[in-house]
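Student: The structure's right below; bear with me while I get my questions together.
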Amino acid sequence: MRLLSTLLLCAPVVGQDFDANALFQQHCATCHGVKGDGNGVTPLPKKARSFLDGGFSYGNTSAAIGRTLEFGIPGTPMPSFSEALSADERNAMIEYVIALGPERKEVERAETILEVVDRPHVVRGFLPALGQGVPEWPRGLLVGLTSGTTFQYRADDVRLLAVRQGDFVERRDWGGRGGNSLRPLGKVTHLVGSGNPGAEWTLGDEPLKARLTQTAVRGTQVTISYDLQRNGITVARVRETPGVLRVSTGAGFERSYEIEAVGGAPLDLALRWTPSGANGTTNLYTNVVNGERLYEKVSTFDEGSGHLIDMVILHGDYEVREPKTGGLIRFQLSPGAPRRARVLHAALIEAESFQTFLGEIYR
């Protein structure tokens, strides 16, 4: 679906009886086609879904489709429609796109399915490999948000492995005497390090182990706390909060960090982040917005049809480098002076929508 800049100025349809076809033609047809067959006029890195075929990659239920409309799909050009469409209009759209497909039978969800409804869920357990030749993770961590987004981590040495969109998880570990693995249900939209990434935190050039200490759910947010250790000694503590970017110009996710040194000496600490990557050209920018430094890595889709944005929002004086292995945020961390940083990954439909994107994340 594509949200043109002119649509940002359009007010929602007033009233309870909506012309769902008109809404579809206004908001969706440019990407998904006037008939819903996926043959839209907007050039995309991957053809948009055909609703005539039925089935949805990120969940077939009305609730799953509603999450897609409200939050977008991180890692794809599908934007959020939470501002452009009212809740009633989104419900009308859900019924409309389902009706475009073949008749379907309603089935009961298995009792082993854990759903995320009104608050996030955190699950620990055995996670299967994310690809051939990639390790399984006996100690895994899944963070399911109300947007339908799941962050998948290894928990023995905390590292993000993948971001998924769709239903949450099947708790197969409840059977088989606890020996069965969890089965994440969402589709992978962002894979880190081919499913086996290196250490995210380093002291100088020395990798640090991230030892999980706590997970906490407060409202709609999840915080993952871990100690950064060198030779078994804790040198810093990190509180990480994963989240989604609900913006009308595209879709994406973010990871926010609060880092605090342990001990009496300053630390030359670094955080490695892996850019999304895209075909086409890449440009680097450094800007200041509302007194905060931004470091932007902007990769253009084929034929200039859209942008991938990898952005770091820095609170304080940091150095950002761009080695071959990915972005590196290097900074001096002093005891008693916690630092914060945000790393954002987003897919934008149109190059000219970047300023609108900035305005939305800072509002």
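Student: Residue by residue through the range 230-250, note down the ones that are in contact with a strand residue (DSSP E or B) (Cβ under 6 Å, 6 or more places away or on another chain), surrounded by 19 or more Cβ atoms within 10 Å (Cβ to Cβ) and either modelled with pLDDT under 80 or farther than 29 Å from Leu69 by Cβ (or both).
Tutor: Val235, Ala236, Val238, Thr249, Gly250
Student: Does the range 72-94 hold any residues that are surrounded by fewer than 19 Cβ atoms within 10 Å (Cβ to Cβ) and among the aromatic types (Phe, Trp, Tyr), and which are they?
Tutor: Within the range 72-94, none qualify.
Student: So, in the range 1-43, of the ones that are more than 24 Å from Glu352 (Cα to Cα) and at pLDDT below 60, which residue ends up surrounded by the most Cβ atoms within 10 Å (Cβ to Cβ)?
Tutor: Going through the qualifying residues, I end up with Val13.
Student: Anything in the range 50-63 that is crowded, with 20+ Cβ neighbours inside 10 Å and either at pLDDT 75 or above or touching a Lys or Arg at 6+ places or on another chain (Cβ under 7 Å) (or both)? List them, or say none.
Tutor: Scanning the range 50-63 gives Phe51, Tyr58.
Student: Another question, then. Checking the structure you have, find out if any residue of the range 166-174 is modelled with pLDDT of 80 or more and under 17 Å from Glu254 (Cα atoms).
Tutor: Within the range 166-174, none of the residues are modelled with pLDDT of 80 or more and under 17 Å from Glu254 (Cα atoms).
Student: Write out, first by first residue and then by second, each pair whose Cβ atoms fall under 7 Å of each other, whose residues are 6+ apart or on separate chains, and whose first residue, in the range 32-53, is more than 17 Å from Tyr96 (Cα to Cα) while the second is loosely packed, with under 15 Cβ neighbours inside 10 Å.
Tutor: Final answer for the pair search is Pro43/Glu303; Pro45/Asp302.
Student: Taking the residues in the range 128-144 that are touching a His at 6+ places or on another chain (Cβ under 9 Å) and touching a residue at least 40 places away in the same chain (Cβ under 8 Å) as candidates, determine which candidate is surrounded by the fewest Cβ atoms within 10 Å (Cβ to Cβ).
Tutor: Only one residue tops the list, namely Leu142.
Student: In contact with a Lys or Arg (Cβ under 7 Å, 6 or more places away or on another chain), more than 27 Å from Leu245 (Cα to Cα) and not acidic (Asp, Glu) - does that describe any residue in the range 178-187?
Tutor: Checked against the condition, which is being in contact with a Lys or Arg (Cβ under 7 Å, 6 or more places away or on another chain), more than 27 Å from Leu245 (Cα to Cα) and not acidic (Asp, Glu), the range 178-187 yields at least one hit.
The values are calculated or read from the model by the stated rules, or taken from the named source; none is laboratory data. None of these values were measured; they are calculated from a predicted model. Don't worry about glycine lacking a Cβ; one is built from the backbone with ideal geometry, like all the others, and counts go over all protein chains shown.
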